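Novice: Could you have a look at this structure, given as structure tokens, before my questions?
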Amino acid sequence: MRTPLGLWAGFVLAFATLSYTLRFSEGKPPKDVLYRWSTFEGSLIQFAVIAAIVYGIAGLGRRGQLLALRRPTSWGQAVAIGIGIGFLMLVLALTLGPLLNPGREQGVTPDVWRPNHAAEYVANGIVIAVVAPIVEELTFRGLGYSLLVRFGRWTAIILVGVAFGLAHGLVQAFPFLAVFGAALAYLRSRVDSVYPGMIVHGTFNAVALAVAVSGKPQQENILRACAAVWSALSPF
């Protein structure tokens, strides 16, 4: 009999395999990918499919409980941990970012601002900063963590981080993605909710979008390193 854990693991494995296959066969996406309406449409379809699959798997158990759609036990603790995650990723950005160049591997965020494509950029930004964090948190920190926590809290945190990293189909950016995914899983484990993780995740993605077109990554080393890491955390 198929269990929710088996279905979730199979889905993540299949998605990771597809992501790596596309990455190695097609390479990096074009730099203007976020200036296209086709990206917006395709992304919405992709996340809708993922959400439907996750919703269906969660339905094999207690959906609300598995997805952790409930009020956090402490918003204060959630804020403190969220700030800690920010500092952790900043340290990784400054130490490993220049060596691994995760943003260059991802190749999603543009180098310059194009005012004539502002509408497309904003639309894609909404997907990246709102839709993606919601769906990905439900997938990994919601359903994934709930199914894996039976093996132990830290085992679940680490496995969720690894799964999150693999799902993006990147090599150089994998350490950043795995750490970020595990940190969000730790947040979820401490406050028993996916909502704070959605906020932290969305904030990181929004920062990547803002920094990418600010022009400062080329002039300031700190912003350049952070932008590279944050862009690697985007969902494409």
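Novice: Within segment 57-79, which residues are among the small types (Gly, Ala, Ser) and surrounded by fewer than 13 Cβ atoms within 10 Å (Cβ to Cβ)? Full working, then the answer.
Specialist: Quick first cut of segment 57-79, residues among the small types (Gly, Ala, Ser) only: 58-59, 61, 64, 68, 74, 76, 78.
Listed by number, the residues that qualify are 59, 64, 76.
Novice: Note down all Cβ pairs under 7 Å where the first residue falls in segment 32-49 and is open to solvent by less than 80 Å² (accessible area, probe 1.4 Å), the second is at pLDDT below 95 and among the acidic types (Asp, Glu), and they're at least six residues apart or on different chains.
Specialist: Filtered contacts from segment 32-49: 35/120; 40/120.
Novice: Might you check whether a residue that is open to solvent by less than 70 Å² (accessible area, probe 1.4 Å), touching a helix residue (DSSP H, G or I) at 6+ places or on another chain (Cβ under 8 Å) and among the charged types (D, E, K, R) occurs anywhere in segment 84-105?
Specialist: So far as segment 84-105 goes, yes, one or more of its residues are open to solvent by less than 70 Å² (accessible area, probe 1.4 Å), touching a helix residue (DSSP H, G or I) at 6+ places or on another chain (Cβ under 8 Å) and among the charged types (D, E, K, R).
Novice: Restrict the check to segment 135-150 and report whether at least one residue is touching a His at 6+ places or on another chain (Cβ under 8 Å) and at pLDDT 95 or above.
Specialist: We begin by selecting, within segment 135-150, every residue touching a His at 6+ places or on another chain (Cβ under 8 Å); these are 136-137.
From the residues that got through so far, the ones that are at pLDDT 95 or above too are 136-137.
Scanning segment 135-150 turns up at least one residue that is touching a His at 6+ places or on another chain (Cβ under 8 Å) and at pLDDT 95 or above.
Novice: Please verify whether residue 24 is exposed (fewer than 12 other Cβ atoms within 10 Å of the Cβ) and either out of contact with any Asp or Glu (no Cβ under 9 Å at 6 or more places or on another chain) or over 30 Å from residue 119 (Cβ atoms) (or both), treating the condition exactly as stated.
Specialist: Details: exposed (fewer than 12 other Cβ atoms within 10 Å of the Cβ): yes; either out of contact with any Asp or Glu (no Cβ under 9 Å at 6 or more places or on another chain) or over 30 Å from residue 119 (Cβ atoms) (or both): yes.
The answer is yes for residue 24.
Novice: Considering (1) within 18 Å of the chain's Cα centre (by Cα); (2) buried (at least 21 other Cβ atoms within 10 Å of the Cβ), say which one residue 158 fails and leave the rest.
Specialist: (2)
Novice: To continue, here is another question. Quick one: count up the residues across segment 1-31 that are touching a residue at least 60 places away in the same chain (Cβ under 8 Å), of a type in the set (A, V, I, L, M) and farther than 21 Å from residue 161 by Cα.
Specialist: Adding up the residues that qualify gives 1.
The values are calculated or read from the model by the stated rules, or taken from the named source; none is laboratory data. As the structure is a prediction and not an experimental result, all values here were calculated from the model. Virtual Cβ from ideal backbone geometry, glycine too; neighbours counted across all protein chains shown. Ligands, DNA and RNA are stripped out before the accessible areas are found, and what is left, the full protein with its side chains, is counted by its heavy atoms. Shrake-Rupley method; radii C 1.70, N 1.55, O 1.52, S 1.80 Å.
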